[in-house]
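Participant: One structure is given below, represented as structure tokens, and several questions about it will come after.
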Ligand code: NI
């Protein structure tokens, strides 16, 4: 298979898994992360195929999304072998997705991993990031915000202060840091307006 054939096969596989997700981790999130990872790879002279592929599959096996994460990971590994990806490509894809999650708090070792982490973080901020935050909050039974400080901990708006507003300064690559500036500013404008209307 050519690189394009392999990418199409990976995209179709990801579609079957995330098609009906309502937590902000739907197929469109995987697609944006994959395309952004490819764009960043081109800017940063990384491997575009590895970055895009890792972008497509980066949330497979996430413990907050899968009832049986290990099974999902094993099935993906079998699937990647069936596409004709080489053992070398597959190990690079796994290396790139390994440290992506914010909660693990680690900086990926490979440039491809740094790029996929940046692409995922870019999708958590800006207008789309705002929409995904409320979708995730709703799916997990969280309030938008609360008048009383002691009840704000698990709200969607609190998530901006705990995580989203910090992401701009945590980008690994210059290309992602540049893209993050506008998205970060938009979130600040959004929050100002939110509190104006909330009162
Ligand atoms: Ni993600």
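The values are calculated or read from the model by the stated rules, or taken from the named source; none is laboratory data. What you are looking at is a predicted structure, and each value in this text was computed from that prediction instead of being measured. Note: ideal-geometry Cβ built from the backbone for every residue, glycine included; neighbour counts use all protein chains shown.
Participant: List the number of the failed condition for residue 117; all other conditions in (1) outside any loop (DSSP other than H, G, I, E, B); (2) touching a residue at least 12 places away in the same chain (Cβ under 8 Å); (3) more than 13 Å from the ligand (Cβ to nearest atom) hold.
Facilitator: Failing condition for residue 117: (3).
Participant: All but one of (1) closer than 28 Å to residue 198 by Cβ; (2) in a helix (DSSP H, G or I); (3) touching a residue at least 40 places away in the same chain (Cβ under 8 Å) hold for residue 134; which doesn't?
Facilitator: Status for residue 134: all satisfied but (3).
Participant: Let me spell it out: the conditions are (1) crowded, with 18+ Cβ neighbours inside 10 Å; (2) without any contact (Cβ under 8 Å) to a residue 60 or more places away in the chain, and residue 36 meets all of them except one. Which number is the exception?
Facilitator: All conditions pass for residue 36, except number (2).
Participant: Return the residue satisfying two criteria in turn: it lies in region 1-25 and is over 12 Å from residue 57 (Cα atoms) and within 15 Å of the ligand (Cβ to nearest atom), and of such residues it is surrounded by the fewest Cβ atoms within 10 Å (Cβ to Cβ).
Facilitator: 22
Participant: Now, a different point. Would you confirm whether or not region 52-64 contains a residue that is within 16 Å of the ligand (Cβ to nearest atom), within 23 Å of residue 174 (Cβ to Cβ), outside any helix (DSSP H, G or I) and free of Cβ contacts under 8 Å to residues at least 40 places away in the same chain?
Facilitator: Looking for residues that are within 16 Å of the ligand (Cβ to nearest atom), within 23 Å of residue 174 (Cβ to Cβ), outside any helix (DSSP H, G or I) and free of Cβ contacts under 8 Å to residues at least 40 places away in the same chain, one finds none in region 52-64, hence no.
Participant: Looking at region 139-163, which of the residues that are closer than 19 Å to residue 187 by Cα and assigned to a helix (DSSP H, G or I) is nearest to the ligand (Cβ to nearest atom)?
Facilitator: If we take residues in region 139-163 being closer than 19 Å to residue 187 by Cα and assigned to a helix (DSSP H, G or I), then 159 is nearest to the ligand (Cβ to nearest atom).
Participant: A further question on this structure: For residue 151, which of the numbered conditions (1) modelled with pLDDT of 95 or more; (2) over 23 Å from residue 69 (Cβ atoms) fails to hold?
Facilitator: (1)
Participant: For region 55-102, what are the residues that are over 27 Å from residue 137 (Cβ atoms), buried (at least 22 other Cβ atoms within 10 Å of the Cβ) and within 16 Å of the chain's Cα centre (by Cα)?
Facilitator: Listed by number, the residues that qualify are 93, 96.
Participant: Somewhere in region 70-93, is a residue in contact with a helix residue (DSSP H, G or I) (Cβ under 8 Å, 6 or more places away or on another chain), free of Cβ contacts under 8 Å to residues at least 40 places away in the same chain, more than 15 Å from the ligand (Cβ to nearest atom) and closer than 15 Å to residue 113 by Cα?
Facilitator: Taking every residue of region 70-93 in turn, at least one turns out to be in contact with a helix residue (DSSP H, G or I) (Cβ under 8 Å, 6 or more places away or on another chain), free of Cβ contacts under 8 Å to residues at least 40 places away in the same chain, more than 15 Å from the ligand (Cβ to nearest atom) and closer than 15 Å to residue 113 by Cα.
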